[in-house]
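**Student:** Sharing a structure with you now.
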Amino acid sequence: MRHFSLTPVLVPLARAIRAFLSERRGSVTVETILILPPLIWAYLGIYVFFDAFETITTASKANYTISDALSRQRQEVDSQFLDNAHGLFQWLVTSDETAIRVSSITWSDADEAYKIAWSYAAGGKTPQTDATIGTYANQIPILPDGDHLIVVETWLDYTPLFSMGLGPFTFQEFTVTRPRFMPKLEFVT
């Protein structure tokens, strides 16, 4: 009986496989082709989300800045002052796609509701009314009868530079501040 051995066939095959696996020419090109698209996608995604976070943080700080400036007023404001506040908001957020609404509100025990003393809007929004301020009742602190607060609302339209799972939307901020040096902030036309 003749004995057949696989050794003469397997040894050269094993050497060829080892030589193929140890070959390093061209691997950088292949690895680059495989890893570069996900790496670029991840980098752009991180950029978009951090840019959105920076934008909302800047819009929030700009809203607080305007609210704080209004709370420190020692005299009445007019439409030019509030238009300039809108311009300041645009400058702080570096965008022209913004809107602002400033209102002076009070609480009425007789009506058990918030009332608008005055409201001014710029950038395409409408002034606040007694009917619409009620929708924000859960965001406004409890007031004694006749006490006044300043409400500053801002809007900023945001469109990401790249479409990476985040579409265009509008940041809206709502800040309530008590006047510091006067019982209420007056508005003159």
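The values are calculated or read from the model by the stated rules, or taken from the named source; none is laboratory data. Model, not experiment: these values are computed from the prediction. Note that each Cβ is placed from the backbone with ideal geometry, even for glycine, and that neighbours are counted across all protein chains shown.
**Student:** What do you reckon, is F81 surrounded by fewer than 16 Cβ atoms within 10 Å (Cβ to Cβ) and either modelled with pLDDT of 90 or more or not β-branched (V, I, T) (or both)? Spell out the reasoning first.
**Tutor:** Numbers: surrounded by fewer than 16 Cβ atoms within 10 Å (Cβ to Cβ): no; either modelled with pLDDT of 90 or more or not β-branched (V, I, T) (or both): yes.
Criteria not met by F81.
**Student:** Return yes when T58 is under 12 Å from the mean Cα position of the chain (by Cα), β-branched (V, I, T) and closer than 30 Å to P160 by Cβ and no when it is not.
**Tutor:** Working: under 12 Å from the mean Cα position of the chain (by Cα): yes; β-branched (V, I, T): yes; closer than 30 Å to P160 by Cβ: yes.
Considered against the rule, which asks whether it is under 12 Å from the mean Cα position of the chain (by Cα), β-branched (V, I, T) and closer than 30 Å to P160 by Cβ, T58 comes out as yes.
**Student:** What pairs come out if I take residues in the range 89-103 that are among the aromatic types (F, W, Y) and pair them with residues that are not in a strand (DSSP E or B) whose C-beta lies under 7 Å away, six or more apart or interchain?
**Tutor:** Hits for this filter: F89/A62; F89/I66.
**Student:** Can you tell me how many residues in the range 102-127 are closer than 18 Å to K184 by Cβ, assigned to a strand (DSSP E or B) and either in contact with a Pro (Cβ under 7 Å, 6 or more places away or on another chain) or not charged (D, E, K, R) (or both)?
**Tutor:** 14
**Student:** Checking R101 against (1) modelled with pLDDT under 95; (2) in contact with a Ser or Thr (Cβ under 8 Å, 6 or more places away or on another chain); (3) charged (D, E, K, R): exactly one of these is not met. Which one?
**Tutor:** (1)
**Student:** Which condition number in (1) closer than 26 Å to V48 by Cα; (2) modelled with pLDDT of 90 or more is the one that Y114 fails?
**Tutor:** (1)
**Student:** Here's another thing I want to ask about it. Quick check, is D96 in a loop (DSSP other than H, G, I, E, B), acidic (D, E) and under 25 Å from K61 (Cα atoms)?
**Tutor:** On the way: in a loop (DSSP other than H, G, I, E, B): yes; acidic (D, E): yes; under 25 Å from K61 (Cα atoms): yes.
Spelling it out, D96 is indeed in a loop (DSSP other than H, G, I, E, B), acidic (D, E) and under 25 Å from K61 (Cα atoms).
**Student:** Here's something else I'd like to know. I need a count of the residues in the range 134-169 that are farther than 27 Å from D78 by Cα and either touching a His at 6+ places or on another chain (Cβ under 8 Å) or not in a loop (DSSP other than H, G, I, E, B) (or both).
**Tutor:** 3
**Student:** Would you call W155 buried (at least 16 other Cβ atoms within 10 Å of the Cβ), closer than 20 Å to L82 by Cβ and free of Cβ contacts under 8 Å to residues at least 60 places away in the same chain?
**Tutor:** Numbers: buried (at least 16 other Cβ atoms within 10 Å of the Cβ): yes; closer than 20 Å to L82 by Cβ: yes; free of Cβ contacts under 8 Å to residues at least 60 places away in the same chain: yes.
For W155, the condition - buried (at least 16 other Cβ atoms within 10 Å of the Cβ), closer than 20 Å to L82 by Cβ and free of Cβ contacts under 8 Å to residues at least 60 places away in the same chain - is met.
**Student:** Within the range 102-136, track down each residue that is crowded, with 17+ Cβ neighbours inside 10 Å and at positive phi.
**Tutor:** Matches in the range 102-136: G123 only.
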